[in-house]
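Trainee: First the structure, which I've put down as structure tokens, then a few questions once you've had a look.
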Amino acid sequence: MPALRKTRVLIVDDSAIVRKILSETLSGEADLEVVGSAPDPYIARDKILQLDPDVITLDIEMPRMDGLTFLKKLMRFHPIPAVVISSLAQPSCRAAIEAMELGAVEVLAKPGGPYSVGDLRRTVAEKVRAAALSRVRRAGAEAPAAAGGARAADRARATRAAGPEPGSAAGSVFAPAPDAVIAIGASTGGTEAIAQVLRKLPANCPPMVIAQHIPPEFSRAFAARLNDTCALTVKEAADGDQVTAGTALVAPGDFHMLLRRGAAGYSVTVKTGPRVCYQRPSVDVLFSSVAEAAGGRATGVLLTGMGADGAGGLLKMRQAGARTIAQDEATCVVFGMPREAIALGAAVQVEALDRIPGAILASSSARR
């Protein structure tokens with residue numbers, strides 16, 4: 001019987017300590033092989049051509065060329081799945097989110113501060129496996145539309161002032177159904193998928209709750225990035241936040257988020273607790289709470305991601321009368337979570353990513 005082909009990994013990081021930790025951790029996995037390392041992008045470029053890795057891990061702050069510049073060039077000329085490993089400093093967090101818009105498929109925090117070496121050891125192999133299964137796209141001469149904070153922020157301000165662009169899902173007058181609520185879950189590739197969906201939704205969209213598998217601190221930068229590029233108001237959720245029309249709440253990294261319904265309307269509970277499907281935040285936890293709090297008034301959307309998180313929760317939503325949507329295989333970075341939901345019969349609709357905003361509006365419209 002032929003030996004199982006291992007996933008070949010190149011580590012790109014200027015820190016010798018981080019290179020050592022990553023190499024030892026990944027080399028200890030039976031299905032992974034570290035084929036080399038590089039302290040800067042120039043050496044990394046040569047080693048990519050020489051070693052032909054399946055996945056790279058990529059630092060953001062490096063000498064001679066920063067990780068974002070290198071990633072732009074890489075995705076244009078030699079696309080390869082990349083796991084970004086960044087410090088928790090806010091500028092680095094923002095850069096890591098931009099890296100994912102440029103084509104990186106996962107993000108991890110560097111050892112140090114509140115995020116320990118042990119946490120990195122626990123998650124890095126999982127992230128590399130997800131990256132190895134992902135579809136990468138060849139970037140054009142310019143960065144993707146959402147990249148470039150000033151341009152994106154200008155577009156968002158114009159959208160808020162003038163309304164959605166003609167031809168978008170929100171291009172016609174939208175009247176939301178009373179008490180409608182939208183729940184979105186995603187993992188690998190989800191930061192950009194969520195951004196693409198939200199950018200096409202109007203400012204009067206029903207209340208929205210989002211669970212994206214993402215480390216602590218990065219979730220805040222992710223929510224801020226969405227807020228800069230969408231007509232909706234987007235923020236990282238805090239315990240007890242009200243969920244109101246035109247607002248989207250993103251679950252904080254390392255915390256579960258649950259939807260509640262009371263006399264004043266919808267709100268969220270943010271809490272710690274055991275990981276569900278190896279995840280915190282868990283999409284299953286969020287979707288299950290939405291099924292209970294909103295029932296048939298809800299719309300559930302499960303986007304790209306590795307694993308099965310969200311499939312069971314989406315089924316509970318469907319059983320409670322909610323409209324449920326899964327992203328199709330052709331447009332997923334990793335067709336894992338949506339595939340599991342489809343197999344369970346949890347998805348009423350299976351749609352390409354660019355059709356999901358329209359499906360959301362149709363399912364939550366007063367004319368439904």
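The values are calculated or read from the model by the stated rules, or taken from the named source; none is laboratory data. Model, not experiment: these values are computed from the prediction. Virtual Cβ from ideal backbone geometry, glycine too; neighbours counted across all protein chains shown. Note: areas computed on protein heavy atoms with side chains; ligands, DNA, RNA excluded. Shrake-Rupley method; radii C 1.70, N 1.55, O 1.52, S 1.80 Å.
Trainee: Can you name the residue in segment 180-211 that is assigned to a helix (DSSP H, G or I) and aliphatic (A, V, I, L, M) and is also nearest to Pro81 (Cα to Cα) among such residues?
Mentor: So, considering only residues that are assigned to a helix (DSSP H, G or I) and aliphatic (A, V, I, L, M), the one nearest to Pro81 (Cα to Cα) is Ala193.
Trainee: Search segment 295-323 for residues being touching a Pro at 6+ places or on another chain (Cβ under 8 Å) and assigned to a loop (DSSP other than H, G, I, E, B), and hand back the single one that is surrounded by the fewest Cβ atoms within 10 Å (Cβ to Cβ).
Mentor: Top of the filtered list is Thr304.
Trainee: Going by the conditions given, is Glu29 modelled with pLDDT of 90 or more, not β-branched (Val, Ile, Thr) and not in a loop (DSSP other than H, G, I, E, B)?
Mentor: no
Trainee: Name every residue in segment 324-351 that is outside any helix (DSSP H, G or I) and either under 25 Å from Ala245 (Cα atoms) or open to solvent by 40 Å² or more (accessible area, probe 1.4 Å) (or both), in order of residue number.
Mentor: Residues satisfying the conditions are Thr324, Ile325, Ala326, Gln327, Ala347, Val348, Gln349, Val350, Glu351.
Trainee: Taking the condition open to solvent by less than 40 Å² (accessible area, probe 1.4 Å), of a type in the set (Asp, Glu) and in contact (Cβ under 8 Å) with a residue 12 or more places away in the chain, does Asp354 pass?
Mentor: The answer is no for Asp354.
Trainee: Within segment 50-69, which residues are part of a helix (DSSP H, G or I) and at pLDDT below 95?
Mentor: Listed by number, the residues that qualify are Gly67, Leu68, Thr69.
Trainee: May I ask you to list pairs of residues, at least six apart or on different chains, whose Cβ atoms are under 8 Å apart, with the first in segment 45-60 being free of Cβ contacts under 8 Å to residues at least 24 places away in the same chain and within 9 Å of Leu10 (Cα to Cα) and the second being in a helix (DSSP H, G or I) and open to solvent by 10 Å² or more (accessible area, probe 1.4 Å)?
Mentor: none
Trainee: Taking the options Arg275, Arg355, Arg323, Arg280, name whichever one is of a type in the set (Lys, Arg) and farther than 28 Å from Leu133 by Cα.
Mentor: That would be Arg323, the only listed residue that is of a type in the set (Lys, Arg) and farther than 28 Å from Leu133 by Cα.
Trainee: I'd like to check something: does segment 42-51 contain any residue that is open to solvent by less than 10 Å² (accessible area, probe 1.4 Å) and not small (Gly, Ala, Ser)?
Mentor: Yes; the residues of segment 42-51 include at least one that is open to solvent by less than 10 Å² (accessible area, probe 1.4 Å) and not small (Gly, Ala, Ser).
Trainee: Okay, next question. For segment 262-287, which residues satisfy the criterion of being open to solvent by 30 Å² or more (accessible area, probe 1.4 Å), closer than 17 Å to Ser219 by Cα and part of a strand (DSSP E or B)?
Mentor: Those that are open to solvent by 30 Å² or more (accessible area, probe 1.4 Å), closer than 17 Å to Ser219 by Cα and part of a strand (DSSP E or B): Thr269, Lys271.
Trainee: Considering only residues that are of a type in the set (Ser, Thr, Tyr) and in a helix (DSSP H, G or I), look in segment 212-248 and name the one that is nearest to Gly190 (Cα to Cα).
Mentor: My answer is Ser219.
Trainee: If you take the residues in segment 238-254 that are within 13 Å of Thr272 (Cα to Cα) and more than 15 Å from the chain's Cα centre (by Cα), which one is least open to solvent (accessible area, probe 1.4 Å)?
Mentor: Ranking the qualifying residues of segment 238-254, first place goes to Ala238.
Trainee: Hey, among the residues in segment 337-368 that are polar (S, T, N, Q) and modelled with pLDDT under 95, which one's farthest from Ala193 (Cα to Cα)?
Mentor: Ser365
Here is a yes/no grid of residues against (1) open to solvent by 10 Å² or more (accessible area, probe 1.4 Å); (2) out of contact with any His (no Cβ under 7 Å at 6 or more places or on another chain); (3) modelled with pLDDT of 95 or more:
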site	(1), (2), (3)
Pro164	yes, yes, no
Ala170	no, yes, no
Ala175	yes, yes, no
Asp179	yes, yes, no
Ala183	no, yes, yes
Leu198	no, yes, yes
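Trainee: Continuing with the same structure: Among the residues of segment 90-118 satisfying the criterion of being of a type in the set (D, E, K, R) and outside any helix (DSSP H, G or I), which is modelled with the lowest pLDDT?
Mentor: That would be Lys110.
Trainee: Does Ala130 satisfy the condition of being modelled with pLDDT of 95 or more and open to solvent by less than 50 Å² (accessible area, probe 1.4 Å)?
Mentor: It is false that Ala130 is modelled with pLDDT of 95 or more and open to solvent by less than 50 Å² (accessible area, probe 1.4 Å).
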